[in-house]
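Engineer: To start, I am sharing the structure in question, which I have written as structure tokens.
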Protein chains: 6
Amino acid sequence: MAPQRLVEYADACPEVRAVYDDILATRKSDWINNFWKALANDPATLRRTWESVKQIMAPGALDPLTKELIYVAVSVTNQCSYCIASHIVSAKNKGMTDSMCHELMAVVGMANESNRLAAGYQVEIDEQFK
Amino acid sequence: MAPQRLVEYADACPEVRAVYDDILATRKSDWINNFWKALANDPATLRRTWESVKQIMAPGALDPLTKELIYVAVSVTNQCSYCIASHIVSAKNKGMTDSMCHELMAVVGMANESNRLAAGYQVEIDEQFK
Amino acid sequence: MAPQRLVEYADACPEVRAVYDDILATRKSDWINNFWKALANDPATLRRTWESVKQIMAPGALDPLTKELIYVAVSVTNQCSYCIASHIVSAKNKGMTDSMCHELMAVVGMANESNRLAAGYQVEIDEQFK
Amino acid sequence: MAPQRLVEYADACPEVRAVYDDILATRKSDWINNFWKALANDPATLRRTWESVKQIMAPGALDPLTKELIYVAVSVTNQCSYCIASHIVSAKNKGMTDSMCHELMAVVGMANESNRLAAGYQVEIDEQFK
Amino acid sequence: MAPQRLVEYADACPEVRAVYDDILATRKSDWINNFWKALANDPATLRRTWESVKQIMAPGALDPLTKELIYVAVSVTNQCSYCIASHIVSAKNKGMTDSMCHELMAVVGMANESNRLAAGYQVEIDEQFK
Amino acid sequence: MAPQRLVEYADACPEVRAVYDDILATRKSDWINNFWKALANDPATLRRTWESVKQIMAPGALDPLTKELIYVAVSVTNQCSYCIASHIVSAKNKGMTDSMCHELMAVVGMANESNRLAAGYQVEIDEQFK
């Protein structure tokens with residue numbers, strides 16, 4: 001089996017086109033990235049995932065850039081190369097500078113290290129943290 | 001073997017006390033949490049880890065709260081219960097509101113989901129992201 | 001160092017050939033995939049791994065297709081691109097339709113998300129689940 | 001900070017109650033488990049997560065039991081103790097026998113092992129799998 | 001559902017007892033730890049897992065202590081509290097000193113950090129490593 | 001965005017050159033691998049990471065080869081292809097034979113499997129391990 005077919009706009013059914021249109025409008029963009037074109041093989045998942053992303057990543061108590069930084073942090077921790085590449089670009093588009101990117105990676109590295117030190121030393125949770 | 005002995009201030013060697021003093025002064029706190037007391041069994045790792053944390057978590061291009069949010073995001077992704085508990089408290093101490101915490105968790109959940117959708121659909125990285 | 005040499009049938013020692021023969025016969029296939037050719041550098045691991053796979057993936061209380069779906073779910077969660085590619089093909093060969101594949105990915109994504117929500121919200125296990 | 005407050009039905013706002021009512025009706029159950037009571041601190045996430053779970057776990061090309069098995073497989077791989085405990089119970093409620101549970105665990109263990117053998121031996125993807 | 005029943009020696013069927021006897025003899029021990037008592041609910045998995053462990057952990061090109069250190073490193077990386085606790089004890093029984101344990105944890109922490117720095121900086125593999 | 005620029009020696013600032021010189025001298029090598037050239041975009045992280053690696057990987061209670069084996073074990077568990085490729089080479093340079101490499105992978109695979117069996121069977125930690 002080849003990796004999933006990518007559903008191009010011209011070939012998309014109306015349900016998929018409606019999501020694509022909303023992605024383009026929401027992001028003020030003129031292209032759809034492969035993640036969505038792959039999900040479009042399953043229109044229900046495409047729609048649900050996009051609706052969730054749109055709702056979750058919208059400005060709220062956290063600003064959109066902070067949310068992108070968090071997204072990158074998770075993707076790096078999971079070693080997901082697609083999401084690292086795409087969300088670093090998204091973060092840059094939302095204002096992440098090189099210095100911010102470097103500090104982000106330093107924190108992600110540090111947290112991954114200390115997570116294992118806490119596990120390896122079998123540290124019990126302090127009463128103050130409960 | 002019982003889990004690691006916790007090294008209390010009163011029992012600590014001078015090298016460990018020096019680190020504890022710096023933790024207390026830097027954090028303007030009056031107690032040391034178990035993570036450091038466990039690492040103190042290995043003074044070299046205690047010192048190196050604290051120096052790294054102090055340097056990495058200091059204000060820079062990213063503010064300390066944003067760095068804590070990233071720390072929590074990584075810890076949740078790795079399912080490290082100690083670090084989740086301790087860094088949620090740290091984040092609250094640095095200004096994380098309940099709303100910010102809820103949005104943080106939503107983004108972490110979403111990113112973990114989409115990381116797997118990208119992997120499962122074997123999505124290739126767009127030229128625009130390279 | 002180059003990645004592991006792949007041991008072709010013609011070059012294999014009798015112990016490796018015996019495993020290859022069993023793979024071909026069990027799977028009613030006419031080729032050996034790279035996973036086994038790489039493991040063949042260590043005949044003991046090749047044999048033990050194949051014997052375990054043959055035993056575990058055989059029809060039992062769960063049918064072979066269900067077992068393949070579970071295999072894919074684990075591989076996607078671990079972001080193992082080789083195993084994703086190979087076991088999606090195996091699942092298709094055992095009857096996985098496109099719709100089943102889409103639903104599989106949706107469940108895997110959802111479970112990865114809710115695992116982190118459970119961790120992030122530090123949810124305690126209900127008495128009813130103990 | 002104590003772990004998240006659990007929102008009981010009696011204390012819930014109408015938006016949360018509506019979700020709880022739907023959970024109870026959909027599952028033909030008379031209690032709400034802690035996962036939802038914790039998420040209820042953020043009604044938007046509660047609603048979105050429940051709607052997604054309800055849609056994804058409904059009968060489709062895969063039957064509900066198979067979906068639960070996949071959910072457990074992911075949760076075990078991620079070492080999420082809450083989700084392991086709760087979804088094993090769900091799977092049993094949907095018909096998982098002890099034998100099926102044992103085979104599920106064997107496949108999950110095997111897949112986690114072979115994922116690392118594939119990575120460690122740096123196995124390249126066969127042309128036939130592309 | 002309560003967590004898995006533990007199968008005690010007195011209640012075990014002959015197939016399980018044979019494995020228990022071999023564990024006790026091989027390890028020159030007088031008790032069986034919970035891991036095996038839980039697996040004993042599925043005698044086939046108990047036997048296969050024990051045979052694999054016995055073969056893999058036996059002295060070979062790597063000595064048994066080194067193998068235990070590797071086992072702990074994996075378990076810490078996966079945040080598996082049971083395996084961390086049990087294999088730290090095994091490693092101590094095979095000669096791991098406190099200093100060795102501390103260095104082990106330092107390497108595990110460092111590797112987890114640098115794995116993410118490599119991913120986050122999207123580092124391409126040098127020709128010399130291929 | 002293209003992946004991180006690699007900072008070559010000729011283009012490096014004095015702070016980066018000082019680290020590169022120390023890497024070359026410490027390793028008695030005549031080239032710098034891409035990991036460090038990527039980190040050099042952030043001289044503070046380059047220096048801190050190198051100082052930590054140099055300290056942690058130096059001979060101590062554990063010999064350098066054992067430390068490399070542990071490094072590989074973590075990298076394989078995390079599916080980090082860069083670190084797998086680079087640290088397998090480092091391990092070979094420090095004396096890892098093919099047989100040792102094969103046994104390493106077998107232990108890593110086994111540990112990843114048993115970590116999930118322990119989680120899936122919800123095994124409680126024995127008193128003797130506490």
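The values are calculated or read from the model by the stated rules, or taken from the named source; none is laboratory data. Please read all numbers here as calculations on a predicted model, not as lab measurements. Cβ placement follows ideal geometry from the backbone for every residue including glycine, while neighbour counts extend to all protein chains displayed.
Engineer: Confirm whether C:Trp36 is of a type in the set (A, V, I, L, M, F, W, C) and under 16 Å from the mean Cα position of the chain (by Cα).
Structural biologist: yes
Engineer: For the structure I just gave you, tell me whether F:Leu69 is under 16 Å from the mean Cα position of the chain (by Cα), buried (at least 22 other Cβ atoms within 10 Å of the Cβ) and within 8 Å of chain E (Cβ to nearest Cβ).
Structural biologist: So F:Leu69 fits the description; yes.
Engineer: Okay, next question. So which residues in region D:72-81 are in a helix (DSSP H, G or I) and at the interface with chain E (Cβ under 10 Å from one of its Cβ atoms), if there are any at all?
Structural biologist: Result: D:Thr77, D:Ser81.
Engineer: Which count do you get for residues in region E:82-111 that are surrounded by 18 or more Cβ atoms within 10 Å (Cβ to Cβ), outside any helix (DSSP H, G or I) and facing chain F (nearest Cβ under 7 Å)?
Structural biologist: Total satisfying the criteria: 0.
Engineer: Still on this model: I'd like to verify a number: residues in region C:54-68 that are part of a helix (DSSP H, G or I) and more than 15 Å from D:Met105 (Cβ to Cβ), how many?
Structural biologist: Residues that pass the stated criteria total 4.
Engineer: Do you know which residues across region C:112-129 are facing chain D (nearest Cβ under 7 Å) and either outside any helix (DSSP H, G or I) or of a type in the set (Asp, Glu) (or both)?
Structural biologist: C:Tyr121, C:Gln122, C:Val123, C:Glu124, C:Ile125, C:Asp126
Engineer: Could you say which residue among A:Asp42, A:Asp22, A:Asp11, A:Asp63 is at the interface with chain B (Cβ under 10 Å from one of its Cβ atoms), of a type in the set (Asp, Glu) and surrounded by fewer than 22 Cβ atoms within 10 Å (Cβ to Cβ)?
Structural biologist: A:Asp63
Engineer: Residues that are closer than 23 Å to E:Pro43 by Cα, at pLDDT 95 or above, under 19 Å from the mean Cα position of the chain (by Cα) and buried (at least 24 other Cβ atoms within 10 Å of the Cβ): does region C:50-58 have at least one?
Structural biologist: Taking every residue of region C:50-58 in turn, none turns out to be closer than 23 Å to E:Pro43 by Cα, at pLDDT 95 or above, under 19 Å from the mean Cα position of the chain (by Cα) and buried (at least 24 other Cβ atoms within 10 Å of the Cβ).
Engineer: Considering each of E:Leu24, E:Leu62 in turn, give the residue that is touching a Leu at 6+ places or on another chain (Cβ under 9 Å) and without any contact (Cβ under 8 Å) to a residue 60 or more places away in the chain.
Structural biologist: E:Leu62 is the lone residue from the list that is touching a Leu at 6+ places or on another chain (Cβ under 9 Å) and without any contact (Cβ under 8 Å) to a residue 60 or more places away in the chain.
Engineer: Now for a different question. When the residues of region C:25-39 are filtered to those that are within 14 Å of chain F (Cβ to nearest Cβ) and among the aliphatic types (A, V, I, L, M), which remaining residue is surrounded by the most Cβ atoms within 10 Å (Cβ to Cβ)?
Structural biologist: The residue in question is C:Leu39.
Engineer: Follow-up. For residues that are touching a residue at least 12 places away in the same chain (Cβ under 8 Å), more than 16 Å from B:Met110 (Cβ to Cβ) and part of a helix (DSSP H, G or I), tally how many sit in region A:27-53.
Structural biologist: The qualifying residues number 4.
Engineer: Yes or no: region B:51-65 includes at least one residue that is of a type in the set (Ser, Thr, Tyr), touching a helix residue (DSSP H, G or I) at 6+ places or on another chain (Cβ under 8 Å) and within 23 Å of F:Val53 (Cβ to Cβ).
Structural biologist: Yes, region B:51-65 has at least one match.
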